[in-house]
1. For the range 272-296, name all the residues that are of a type outside the set (S, T, N, Q), touching a residue at least 24 places away in the same chain (Cβ under 8 Å) and within 24 Å of G105 (Cα to Cα).
2. So which of L55, L28 ends up being touching a residue at least 24 places away in the same chain (Cβ under 8 Å), assigned by TED's automatic domain parsing to the domain that holds L90 and assigned to a helix (DSSP H, G or I)?
3. Of the residues R124, R116, R110, which single one is surrounded by fewer than 22 Cβ atoms within 10 Å (Cβ to Cβ), more than 30 Å from A201 (Cα to Cα) and touching a Leu at 6+ places or on another chain (Cβ under 8 Å)?
4. Output yes when any residue across the range 245-253 is of a type in the set (F, W, Y), in contact (Cβ under 8 Å) with a residue 60 or more places away in the chain and over 30 Å from P102 (Cβ atoms), and no when none is.
5. How about the range 128-138: which of its residues are over 16 Å from S83 (Cβ atoms) and either surrounded by fewer than 21 Cβ atoms within 10 Å (Cβ to Cβ) or of a type in the set (S, T, Y) (or both)?
6. Criterion first (free of Cβ contacts under 8 Å to residues at least 60 places away in the same chain and buried (at least 19 other Cβ atoms within 10 Å of the Cβ)) does A189 satisfy it?
Amino acid sequence: MSRGRSAADVLIVSLGSTAGLRAADEDLAASLRRAGASVRVAAAVPPGAVRTLPLTDLLWARAARAAALDAIREEAPGAVIYSTTTAALLWPLRGAIRFDAPAAGNRPGRHGLWQRPLERRRLREAPLLLPLSAGGLQETGLGATEREHALIVPLPVEPSGEAPVVRDVAAITYAGNPVKKGLASVLAAWRRARPAAGEGAELIVAGASAAELRAAGIDLDAHEGVRDVGRLAREEYRALVRRARVFVTAPSREDYGQAQLEALADGCLLATTPALGPYAALPIARRLAPELVAEDLGAALRSALSHPDPLGYAARAREELAPLRTAAVDELVAGELLPRLTGSGAARPTLTA
(Lines give C-alpha, C1' and ligand atoms only; values in the text may rest on other atoms or scores of the structure.)
Protein backbone atom coordinates (compact mmCIF):
# COMPACT_ATOMS: atom_id res chain seq x y z
CA MET A 1 0.00 0.00 0.00
CA SER A 2 1.21 3.52 -0.73
CA ARG A 3 2.55 5.71 2.08
CA GLY A 4 2.79 2.67 4.35
CA ARG A 5 -0.94 2.53 5.09
CA SER A 6 -2.64 -0.73 6.05
CA ALA A 7 -5.57 -0.05 3.73
CA ALA A 8 -6.18 1.76 0.49
CA ASP A 9 -7.03 5.44 0.34
CA VAL A 10 -10.30 5.63 -1.56
CA LEU A 11 -11.68 8.83 -3.03
CA ILE A 12 -15.42 8.88 -3.74
CA VAL A 13 -16.38 11.59 -6.20
CA SER A 14 -19.95 12.32 -5.16
CA LEU A 15 -22.31 13.87 -7.69
CA GLY A 16 -24.90 14.25 -4.94
CA SER A 17 -27.55 15.74 -7.21
CA THR A 18 -30.31 14.20 -5.05
CA ALA A 19 -30.69 13.38 -1.37
CA GLY A 20 -30.78 9.70 -2.29
CA LEU A 21 -27.44 9.87 -4.09
CA ARG A 22 -25.84 11.71 -1.18
CA ALA A 23 -27.12 9.11 1.28
CA ALA A 24 -25.88 6.29 -0.95
CA ASP A 25 -22.39 7.78 -1.09
CA GLU A 26 -22.32 8.21 2.68
CA ASP A 27 -23.38 4.57 3.11
CA LEU A 28 -20.63 3.34 0.77
CA ALA A 29 -18.00 5.47 2.50
CA ALA A 30 -19.08 4.11 5.89
CA SER A 31 -18.95 0.52 4.63
CA LEU A 32 -15.46 1.00 3.18
CA ARG A 33 -14.27 2.51 6.45
CA ARG A 34 -15.66 -0.46 8.37
CA ALA A 35 -13.62 -2.62 6.00
CA GLY A 36 -10.49 -0.71 7.03
CA ALA A 37 -10.11 1.74 4.16
CA SER A 38 -9.31 5.41 4.50
CA VAL A 39 -12.05 7.21 2.58
CA ARG A 40 -12.53 10.78 1.41
CA VAL A 41 -15.68 12.08 -0.25
CA ALA A 42 -15.34 14.91 -2.77
CA ALA A 43 -18.77 16.44 -3.32
CA ALA A 44 -19.62 18.33 -6.49
CA VAL A 45 -20.84 21.88 -5.97
CA PRO A 46 -24.37 22.00 -7.42
CA PRO A 47 -24.53 24.05 -10.61
CA GLY A 48 -27.40 26.34 -11.44
CA ALA A 49 -30.60 24.97 -12.92
CA VAL A 50 -30.87 24.84 -16.72
CA ARG A 51 -33.63 23.77 -19.06
CA THR A 52 -32.29 20.68 -20.86
CA LEU A 53 -30.91 17.33 -19.68
CA PRO A 54 -27.81 17.45 -21.93
CA LEU A 55 -26.79 20.82 -20.50
CA THR A 56 -27.72 19.76 -16.96
CA ASP A 57 -25.49 16.68 -17.26
CA LEU A 58 -22.64 18.76 -18.70
CA LEU A 59 -22.73 21.20 -15.80
CA TRP A 60 -22.87 18.39 -13.22
CA ALA A 61 -20.04 16.53 -14.98
CA ARG A 62 -17.90 19.67 -14.87
CA ALA A 63 -18.74 20.15 -11.19
CA ALA A 64 -17.72 16.54 -10.46
CA ARG A 65 -14.45 16.99 -12.35
CA ALA A 66 -13.66 20.15 -10.37
CA ALA A 67 -14.37 18.37 -7.07
CA ALA A 68 -12.20 15.43 -8.10
CA LEU A 69 -9.31 17.67 -9.20
CA ASP A 70 -9.33 19.59 -5.93
CA ALA A 71 -9.23 16.37 -3.90
CA ILE A 72 -6.59 14.69 -6.07
CA ARG A 73 -4.29 17.71 -5.98
CA GLU A 74 -4.59 17.83 -2.20
CA GLU A 75 -3.61 14.16 -1.86
CA ALA A 76 -3.34 11.51 -4.59
CA PRO A 77 -5.71 8.62 -3.82
CA GLY A 78 -5.00 4.94 -4.14
CA ALA A 79 -8.34 4.38 -5.89
CA VAL A 80 -11.20 6.51 -7.15
CA ILE A 81 -14.91 5.72 -7.27
CA TYR A 82 -17.09 7.99 -9.37
CA SER A 83 -20.65 7.96 -8.10
CA THR A 84 -22.87 7.87 -11.22
CA THR A 85 -21.77 7.73 -14.83
CA THR A 86 -22.33 11.50 -15.06
CA ALA A 87 -19.61 12.07 -12.46
CA ALA A 88 -17.23 9.98 -14.59
CA LEU A 89 -17.90 11.60 -17.96
CA LEU A 90 -15.18 14.26 -17.60
CA TRP A 91 -13.03 12.40 -15.08
CA PRO A 92 -9.50 13.70 -14.50
CA LEU A 93 -8.33 10.28 -13.29
CA ARG A 94 -9.41 6.82 -14.35
CA GLY A 95 -11.47 5.07 -11.70
CA ALA A 96 -14.31 2.76 -10.78
CA ILE A 97 -17.83 3.84 -11.70
CA ARG A 98 -20.81 3.26 -9.42
CA PHE A 99 -24.26 3.69 -10.95
CA ASP A 100 -27.91 2.77 -10.64
CA ALA A 101 -28.67 3.12 -14.35
CA PRO A 102 -26.65 4.32 -17.33
CA ALA A 103 -27.53 7.12 -19.72
CA ALA A 104 -28.04 4.35 -22.26
CA GLY A 105 -31.22 3.57 -20.34
CA ASN A 106 -32.40 6.83 -18.79
CA ARG A 107 -31.26 9.36 -21.40
CA PRO A 108 -33.03 8.22 -24.59
CA GLY A 109 -33.08 10.17 -27.84
CA ARG A 110 -32.02 13.81 -27.76
CA HIS A 111 -31.78 13.78 -23.95
CA GLY A 112 -28.50 11.85 -24.15
CA LEU A 113 -26.97 12.84 -27.48
CA TRP A 114 -23.48 13.52 -26.14
CA GLN A 115 -23.71 11.59 -22.86
CA ARG A 116 -24.35 8.10 -24.25
CA PRO A 117 -21.30 7.76 -26.55
CA LEU A 118 -18.93 9.21 -23.94
CA GLU A 119 -20.49 7.00 -21.29
CA ARG A 120 -19.83 3.87 -23.39
CA ARG A 121 -16.19 4.91 -23.62
CA ARG A 122 -15.89 5.52 -19.89
CA LEU A 123 -17.57 2.22 -19.01
CA ARG A 124 -15.05 0.37 -21.16
CA GLU A 125 -12.10 2.35 -19.77
CA ALA A 126 -13.06 1.93 -16.12
CA PRO A 127 -11.04 -0.73 -14.26
CA LEU A 128 -14.12 -1.63 -12.22
CA LEU A 129 -17.86 -1.13 -12.64
CA LEU A 130 -20.10 -1.04 -9.57
CA PRO A 131 -23.75 -1.27 -10.65
CA LEU A 132 -26.35 -1.32 -7.90
CA SER A 133 -28.23 -4.14 -9.62
CA ALA A 134 -28.01 -6.71 -12.38
CA GLY A 135 -30.59 -4.68 -14.31
CA GLY A 136 -28.41 -1.59 -14.23
CA LEU A 137 -25.47 -3.58 -15.60
CA GLN A 138 -27.62 -5.08 -18.35
CA GLU A 139 -28.70 -1.63 -19.53
CA THR A 140 -25.09 -0.66 -20.26
CA GLY A 141 -25.18 -2.88 -23.33
CA LEU A 142 -21.71 -4.23 -22.51
CA GLY A 143 -20.80 -7.69 -23.72
CA ALA A 144 -20.14 -10.68 -21.49
CA THR A 145 -16.37 -10.18 -21.55
CA GLU A 146 -16.69 -6.48 -20.73
CA ARG A 147 -19.01 -7.29 -17.83
CA GLU A 148 -16.27 -9.32 -16.16
CA HIS A 149 -14.91 -6.12 -14.64
CA ALA A 150 -18.20 -5.47 -12.84
CA LEU A 151 -19.21 -6.13 -9.24
CA ILE A 152 -22.81 -5.60 -8.16
CA VAL A 153 -22.83 -3.71 -4.85
CA PRO A 154 -26.40 -2.86 -3.78
CA LEU A 155 -27.44 -0.13 -1.42
CA PRO A 156 -27.94 -1.36 2.15
CA VAL A 157 -31.51 -1.58 3.38
CA GLU A 158 -32.46 -1.75 7.04
CA PRO A 159 -35.72 -1.47 8.98
CA SER A 160 -35.93 2.03 10.40
CA GLY A 161 -37.33 0.99 13.77
CA GLU A 162 -40.01 -1.02 15.52
CA ALA A 163 -43.29 -1.15 13.64
CA PRO A 164 -46.40 -0.14 15.62
CA VAL A 165 -48.86 -2.82 16.64
CA VAL A 166 -51.57 -1.09 14.62
CA ARG A 167 -50.70 0.58 11.32
CA ASP A 168 -52.94 3.64 11.27
CA VAL A 169 -52.01 4.91 7.78
CA ALA A 170 -53.68 3.07 4.92
CA ALA A 171 -51.14 3.94 2.22
CA ILE A 172 -48.16 6.14 1.54
CA THR A 173 -46.39 7.20 -1.63
CA TYR A 174 -43.11 9.00 -2.28
CA ALA A 175 -43.54 11.70 -4.90
CA GLY A 176 -40.21 13.50 -5.07
CA ASN A 177 -40.60 14.31 -8.79
CA PRO A 178 -44.37 13.80 -9.09
CA VAL A 179 -44.47 13.15 -12.84
CA LYS A 180 -41.70 10.56 -12.89
CA LYS A 181 -43.14 8.84 -9.80
CA GLY A 182 -46.58 8.65 -11.41
CA LEU A 183 -48.42 10.55 -8.70
CA ALA A 184 -51.44 11.19 -10.94
CA SER A 185 -51.81 7.43 -11.46
CA VAL A 186 -51.40 6.81 -7.73
CA LEU A 187 -54.17 9.30 -6.96
CA ALA A 188 -56.46 7.68 -9.52
CA ALA A 189 -55.75 4.26 -8.02
CA TRP A 190 -56.45 5.57 -4.52
CA ARG A 191 -59.78 7.00 -5.63
CA ARG A 192 -60.84 3.53 -6.82
CA ALA A 193 -59.35 1.57 -3.94
CA ARG A 194 -60.24 3.83 -1.03
CA PRO A 195 -63.45 1.98 -0.07
CA ALA A 196 -61.31 -1.11 0.68
CA ALA A 197 -59.19 0.90 3.09
CA GLY A 198 -61.93 1.57 5.64
CA GLU A 199 -63.61 4.66 7.01
CA GLY A 200 -61.32 7.64 7.55
CA ALA A 201 -58.43 6.00 5.67
CA GLU A 202 -55.68 8.23 4.31
CA LEU A 203 -53.14 8.20 1.53
CA ILE A 204 -50.09 10.18 2.56
CA VAL A 205 -48.07 11.92 -0.16
CA ALA A 206 -44.48 12.62 0.86
CA GLY A 207 -41.38 14.03 -0.80
CA ALA A 208 -42.84 16.74 -3.03
CA SER A 209 -43.09 20.42 -2.23
CA ALA A 210 -46.25 22.39 -2.92
CA ALA A 211 -44.45 24.12 -5.79
CA GLU A 212 -43.50 20.77 -7.39
CA LEU A 213 -47.08 19.57 -7.13
CA ARG A 214 -48.38 22.77 -8.72
CA ALA A 215 -45.81 22.50 -11.53
CA ALA A 216 -47.02 18.94 -12.19
CA GLY A 217 -50.61 20.19 -12.38
CA ILE A 218 -51.69 18.24 -9.29
CA ASP A 219 -54.16 19.61 -6.77
CA LEU A 220 -54.32 17.28 -3.78
CA ASP A 221 -57.27 19.22 -2.34
CA ALA A 222 -59.38 17.74 -5.13
CA HIS A 223 -58.84 14.22 -3.76
CA GLU A 224 -60.59 12.88 -0.67
CA GLY A 225 -58.58 11.10 1.98
CA VAL A 226 -55.23 12.42 0.75
CA ARG A 227 -52.79 14.23 3.04
CA ASP A 228 -49.71 16.06 1.80
CA VAL A 229 -46.75 16.09 4.21
CA GLY A 230 -44.26 17.65 1.78
CA ARG A 231 -40.54 17.18 2.22
CA LEU A 232 -39.58 15.54 5.50
CA ALA A 233 -36.38 14.71 7.31
CA ARG A 234 -35.39 11.11 6.63
CA GLU A 235 -36.27 9.97 10.16
CA GLU A 236 -39.72 11.57 10.00
CA TYR A 237 -40.41 10.03 6.61
CA ARG A 238 -39.39 6.53 7.67
CA ALA A 239 -41.51 6.88 10.84
CA LEU A 240 -44.55 7.46 8.59
CA VAL A 241 -43.62 4.47 6.42
CA ARG A 242 -43.58 2.25 9.53
CA ARG A 243 -47.16 3.30 10.23
CA ALA A 244 -48.39 2.56 6.68
CA ARG A 245 -50.06 -0.64 5.55
CA VAL A 246 -49.20 -0.18 1.86
CA PHE A 247 -46.57 1.67 -0.13
CA VAL A 248 -48.07 2.51 -3.52
CA THR A 249 -46.22 3.84 -6.56
CA ALA A 250 -46.52 4.12 -10.34
CA PRO A 251 -43.16 5.28 -11.72
CA SER A 252 -42.81 5.72 -15.45
CA ARG A 253 -39.30 4.37 -15.05
CA GLU A 254 -37.34 3.27 -11.99
CA ASP A 255 -33.56 3.39 -12.00
CA TYR A 256 -33.34 1.52 -8.68
CA GLY A 257 -36.22 2.18 -6.28
CA GLN A 258 -34.65 2.50 -2.84
CA ALA A 259 -37.86 3.94 -1.38
CA GLN A 260 -39.72 0.75 -2.31
CA LEU A 261 -37.02 -1.45 -0.75
CA GLU A 262 -37.11 0.63 2.42
CA ALA A 263 -40.89 0.31 2.56
CA LEU A 264 -40.59 -3.48 2.31
CA ALA A 265 -37.97 -3.40 5.08
CA ASP A 266 -40.41 -1.45 7.25
CA GLY A 267 -43.17 -4.01 6.76
CA CYS A 268 -45.31 -2.36 4.08
CA LEU A 269 -47.00 -4.25 1.29
CA LEU A 270 -45.84 -2.91 -2.07
CA ALA A 271 -48.45 -2.08 -4.72
CA THR A 272 -46.75 -0.98 -7.92
CA THR A 273 -46.94 -0.82 -11.67
CA PRO A 274 -44.33 -2.88 -13.56
CA ALA A 275 -42.15 0.11 -14.45
CA LEU A 276 -39.36 0.10 -16.98
CA GLY A 277 -35.73 0.27 -15.87
CA PRO A 278 -33.56 -1.66 -13.41
CA TYR A 279 -36.26 -1.61 -10.73
CA ALA A 280 -34.62 -3.61 -7.93
CA ALA A 281 -37.79 -4.09 -5.87
CA LEU A 282 -39.89 -5.32 -8.80
CA PRO A 283 -38.79 -8.98 -8.90
CA ILE A 284 -39.07 -9.12 -5.12
CA ALA A 285 -42.59 -7.70 -5.21
CA ARG A 286 -43.61 -10.22 -7.86
CA ARG A 287 -42.30 -13.12 -5.79
CA LEU A 288 -44.07 -11.85 -2.68
CA ALA A 289 -47.49 -11.23 -4.23
CA PRO A 290 -47.76 -11.02 -8.04
CA GLU A 291 -51.30 -9.63 -7.83
CA LEU A 292 -49.89 -6.46 -6.26
CA VAL A 293 -47.80 -5.73 -9.38
CA ALA A 294 -50.09 -4.62 -12.19
CA GLU A 295 -50.74 -1.98 -14.80
CA ASP A 296 -54.17 -1.73 -13.15
CA LEU A 297 -52.82 -0.05 -10.04
CA GLY A 298 -56.29 0.47 -8.58
CA ALA A 299 -56.87 -3.29 -8.52
CA ALA A 300 -53.39 -3.90 -7.10
CA LEU A 301 -53.94 -1.33 -4.36
CA ARG A 302 -57.34 -2.82 -3.45
CA SER A 303 -55.71 -6.24 -3.17
CA ALA A 304 -52.97 -4.83 -0.97
CA LEU A 305 -55.38 -3.03 1.34
CA SER A 306 -57.38 -6.23 1.81
CA HIS A 307 -54.43 -8.64 1.90
CA PRO A 308 -55.26 -11.63 4.13
CA ASP A 309 -51.80 -12.00 5.68
CA PRO A 310 -49.81 -8.75 5.84
CA LEU A 311 -47.60 -10.08 8.66
CA GLY A 312 -46.68 -13.12 6.59
CA TYR A 313 -45.93 -10.87 3.61
CA ALA A 314 -43.66 -8.74 5.80
CA ALA A 315 -41.83 -11.79 7.13
CA ARG A 316 -41.16 -13.08 3.62
CA ALA A 317 -40.04 -9.60 2.56
CA ARG A 318 -37.44 -9.62 5.34
CA GLU A 319 -36.09 -12.90 3.97
CA GLU A 320 -35.94 -11.47 0.45
CA LEU A 321 -34.04 -8.43 1.70
CA ALA A 322 -31.43 -10.40 3.63
CA PRO A 323 -28.76 -9.97 0.89
CA LEU A 324 -29.32 -6.21 1.08
CA ARG A 325 -28.88 -5.83 4.83
CA THR A 326 -25.93 -3.74 6.01
CA ALA A 327 -24.02 -6.75 7.31
CA ALA A 328 -24.30 -8.53 3.95
CA VAL A 329 -23.21 -5.45 2.00
CA ASP A 330 -20.32 -4.89 4.42
CA GLU A 331 -19.17 -8.48 3.82
CA LEU A 332 -19.24 -7.89 0.07
CA VAL A 333 -17.36 -4.59 0.38
CA ALA A 334 -14.67 -6.05 2.63
CA GLY A 335 -14.34 -9.38 0.84
CA GLU A 336 -14.60 -8.34 -2.80
CA LEU A 337 -14.88 -4.60 -3.43
CA LEU A 338 -11.91 -3.36 -1.42
CA PRO A 339 -9.51 -6.07 -2.72
CA ARG A 340 -10.58 -5.32 -6.28
CA LEU A 341 -10.16 -1.59 -5.77
CA THR A 342 -6.68 -1.98 -4.36
CA GLY A 343 -5.61 -4.32 -7.15
CA SER A 344 -7.43 -2.69 -10.05
CA GLY A 345 -5.13 0.19 -10.86
CA ALA A 346 -8.17 2.40 -10.33
CA ALA A 347 -5.95 5.44 -9.98
CA ARG A 348 -3.23 6.71 -12.30
CA PRO A 349 -0.52 9.18 -11.29
CA THR A 350 -1.11 11.47 -14.28
CA LEU A 351 -4.17 13.67 -14.60
CA THR A 352 -5.96 13.94 -17.91
CA ALA A 353 -6.29 17.27 -19.67
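The values are calculated or read from the model by the stated rules, or taken from the named source; none is laboratory data. A quick note: this is a predicted structure, and the numbers were derived from the prediction, not measured. Because the Cβ atoms are built from the backbone with ideal geometry, glycine has one as well, and the counts that use them run over all protein chains shown.
1. A275, L276, G277, P278, Y279, A280, A281, L282, I284, A285
2. Of the residues listed, the single one that is touching a residue at least 24 places away in the same chain (Cβ under 8 Å), assigned by TED's automatic domain parsing to the domain that holds L90 and assigned to a helix (DSSP H, G or I) is L28.
3. None of the others qualify; the one that does is R124.
4. No, the range 245-253 has no match at all.
5. Result: A134, Q138.
6. no
Every residue, every condition in (1) modelled with pLDDT under 95; (2) in contact with a strand residue (DSSP E or B) (Cβ under 8 Å, 6 or more places away or on another chain); (3) closer than 15 Å to Y82 by Cβ, yes or no:
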{"position": "A8", "(1), (2), (3)": "yes, yes, no"}
{"position": "S17", "(1), (2), (3)": "yes, no, yes"}
{"position": "A23", "(1), (2), (3)": "yes, no, no"}
{"position": "R33", "(1), (2), (3)": "no, yes, no"}
{"position": "S38", "(1), (2), (3)": "no, yes, no"}
